Amino acid sequence: MTTANPTVTADPTRTLDLPRPTRPAGALTTALGVARRTVLRNIRNPQVFVLGMVQGAMFLLIFRYVFGGAITTNGIRYVDFLVPGFVGTGVLFAGMTSSIGAAEDLKEGFFDRLRSLPVPRIAIVSGRVVADTILATIGLTVTTVVGFAMGFRTSAPLGSLLLAVALCVFAAFAFTWMFVLLGIMAGNPQAAQGIGILVFPLTFVSSAFVPVESMPGWMQAFASNQPLTMIVNATRAFTLGDVDAVRVLGHPASYFAVRSLFWCALFIVVFAPLAARRYQRG
Amino acid sequence: MPPILEARGLTKRFKTTQALAGLDLTADRGQVTAILGPNGAGKTTFIRMVATLLLPDEGTLTVAGIDAIKEPDKVRRAIGLAGQSAAVEGAMSGRENLVLVGRLFGHDTRQAKASAEVVLDLLDLTESADRLVRTYSGGMRRKLDLGASLVGAPELLLLDEPTTGLDPRSRNDLWDAIRSLVAAGTDVLLTTQYLDEADQLAARIAIIDQGKVIAEGTPDELKSKAGNDVVEVHVADASELDRAIAALAPLGCERPRVDRPTRSIAVPVERGSAQLLEAVRLLDGLNLAVSDIGLRRATLDEVFLALTGRPAESEPDPEADGSATTDKRRRSRRAAA
């Protein structure tokens, strides 16, 4: 009852008829390939993607109509205060999604596959970040449209509005480096959910939904100086115009924009090398 | 030509776990080499090293003659990796997945498409090529993952537990796919905790335990090295099992191994066929009905037991280095259930 042993050895008459690439993919090809896949992964899961949008719109409605009446905003309408704040916080919530996405890539072996390929290491994480920035931009576009539908109005010139959008997109790009790093460190999507612990205080203890003057003094010290407040206030100041901005927020748009850019630069300088390092060999 | 893989004295420590403890292995070209061992033996650590995802603490490693420690980029051009989890994108079609990986291997778009076509055809996936991968069965996903590791025409294919968690039919299907690759001239290094998988696919098997190769050879060599022949009896009536064990035990050179659910008794013997005849006479004399009786070589399961003194698949998994660890643990638990 000896079992046959159907071992296969090479048959010289057949070869796998595939050419071997002459040189490996460059950084741009790699980053774009990874980015395209990551964007498709999100927009081809419409349940999740659309649900995220609907959830965002719902929160906007709740703040506008449930809390809004109880919040006074130095003489401007609450909806005009809220919508730029909401667009700004979208950067952080998109960041949470990218943490979870990065953790999924790690767990599902996608990063291992990429790292076993002859592609530049930095391009792998860059592709992920580019994709997350694109997704965040889609998100903030939707929020803006919903905001206008809910009565948000601005008399700011187009140039200022474009600056506001550009700042939010750049902030999304800068913050994503940190969130991708945190996602990889978390190791799995469930743990990456826990990054909400970081996102929620940053979101709520900021000027995004209420004027910071209404908070207790010790909290104001944090709330008025943290990065999200700078980004939110810059966005808000761009839409209000400098006269209203100084009256409501205390400073013109340039004040907040410069500080936002400083924070963004800091995030990139600190977290991009750390994230890239995570893609080297262990 | 240098061997496709040569590892000397590889060690790797993760915190408190010695994952590799001086692993030596040479894999020749033109064949499948299987790394066989229980969970936690160091299989995944080793294959991740070959795939340039991990650096060893000590030792040397060459892949296709290239130093994997000093020139990882060159090694990456020579290998294709298919991991434990099928790392294909569910929200893209099978074809899109292969074209993406083909582009990353360095093909231009036209060549990436052509290579994807060849691979789809080879793996019999052409019909499903334009469906999103999330509609694929587990077996199809694994096949596509295997395909993704092929589009760059690697010299050495690395398969980390390619069929773990698959149903028997998908397993056979994937085995066929791997066989046709080997027949087409791709060298394969695979890890497995399934003894029959190594037996089915590999020309050479290295059994590893606690981070070291403890035995190495062809399946037949390993079986004869560690195994006495076995007289295997399936008793027709479960109530007579104990009577049969008592009768057969004196024949064996070791204690008989009994598997009650299948009513089978395996008696390791030293003088093969003579003792098979003796067993037949004994059972006949007792008027004991058997549904099957025969003499066979030791299985790799028995080889593992003989080499290590413990069964092959009951180890915890201290290999906390990789991403798929918890997943693997869950899967092996399911397999054990």
Check your understanding: Looking only at residues in segment A:64-92 that are among the aromatic types (F, W, Y), in contact (Cβ under 8 Å) with a residue 12 or more places away in the chain and over 15 Å from A:T235 (Cβ atoms), which one is surrounded by the fewest Cβ atoms within 10 Å (Cβ to Cβ)?
Key -> A:F67
Check your understanding: Condition test on A:F49, is it of a type in the set (A, V, I, L, M, F, W, C) and at pLDDT 90 or above?
Key -> no
Review point. If B:A87 satisfies every condition in (1) open to solvent by less than 20 Å² (accessible area, probe 1.4 Å); (2) at the interface with chain A (Cβ under 9 Å from one of its Cβ atoms); (3) modelled with pLDDT of 95 or more but one, which is the exception?
Key: (3)
Practice item. May I ask you to say which residue of B:L125, B:L81 is more than 7 Å from chain A (Cβ to nearest Cβ) and either open to solvent by 20 Å² or more (accessible area, probe 1.4 Å) or under 27 Å from the mean Cα position of the chain (by Cα) (or both)? Key: B:L125
Exercise for review: Could you please find all residues in segment B:90-122 being polar (S, T, N, Q), facing chain A (nearest Cβ under 8 Å) and closer than 20 Å to A:P120 by Cα?
Suggested key: none
Review point. Looking at (1) in contact with a Pro (Cβ under 7 Å, 6 or more places away or on another chain); (2) part of a loop (DSSP other than H, G, I, E, B), can you tell me which one B:V88 breaks?
Key: (1)
Point to revise | Test: residue in segment B:254-271 that is under 26 Å from the mean Cα position of the chain (by Cα), at positive phi, of a type in the set (G, A, S) and not in a helix (DSSP H, G or I) | key: no
Practice item. Considering (1) more than 25 Å from the chain's Cα centre (by Cα); (2) in contact (Cβ under 8 Å) with a residue 24 or more places away in the chain, say which one B:V280 fails and leave the rest. Key: (2)
**Study point:** helices (runs of 4 or more DSSP H) fully within segment A:17-107 counting 2 or more residues that are within 14 Å of chain B (Cβ to nearest Cβ) and touching a Lys or Arg at 6+ places or on another chain (Cβ under 8 Å)
**Key:** A:27-43, A:78-107
Check your understanding: Looking at segment A:252-273, which of its residues are more than 13 Å from A:F170 (Cβ to Cβ) and surrounded by 15 or more Cβ atoms within 10 Å (Cβ to Cβ)?
Key -> A:P252, A:A253, A:Y255, A:F256, A:R259, A:F271, A:A272
Revision key, fill the gap. Residue pairs within 8 Å by beta carbon, gap of at least six or interchain, first lying in segment B:240-251 and touching a residue at least 40 places away in the same chain (Cβ under 8 Å), second assigned to a helix (DSSP H, G or I), listed first then second, are B:A244/B:L283; B:A247/B:L282; B:A247/B:L283
Practice item. With the checklist (1) within 19 Å of A:F81 (Cα to Cα); (2) surrounded by fewer than 16 Cβ atoms within 10 Å (Cβ to Cβ) in hand, flag the one item A:F222 doesn't pass. Key: (1)
Review point. Restricting attention to segment B:194-207, and to residues there that are more than 19 Å from B:L157 (Cβ to Cβ) and out of contact with any helix residue (DSSP H, G or I) (no Cβ under 6 Å at 6 or more places or on another chain), which single residue is most open to solvent (accessible area, probe 1.4 Å)?
Key: B:D196
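The values are calculated or read from the model by the stated rules, or taken from the named source; none is laboratory data. Predicted model only: the values in this text are computed from it and were never measured. Neighbour counts are summed over all protein chains in view; Cβ atoms, including those assigned to glycine, are modelled from backbone coordinates with ideal geometry. The area values use the complete protein model at the heavy-atom level, side chains included, leaving out ligands, DNA and RNA. Shrake-Rupley method; radii C 1.70, N 1.55, O 1.52, S 1.80 Å.
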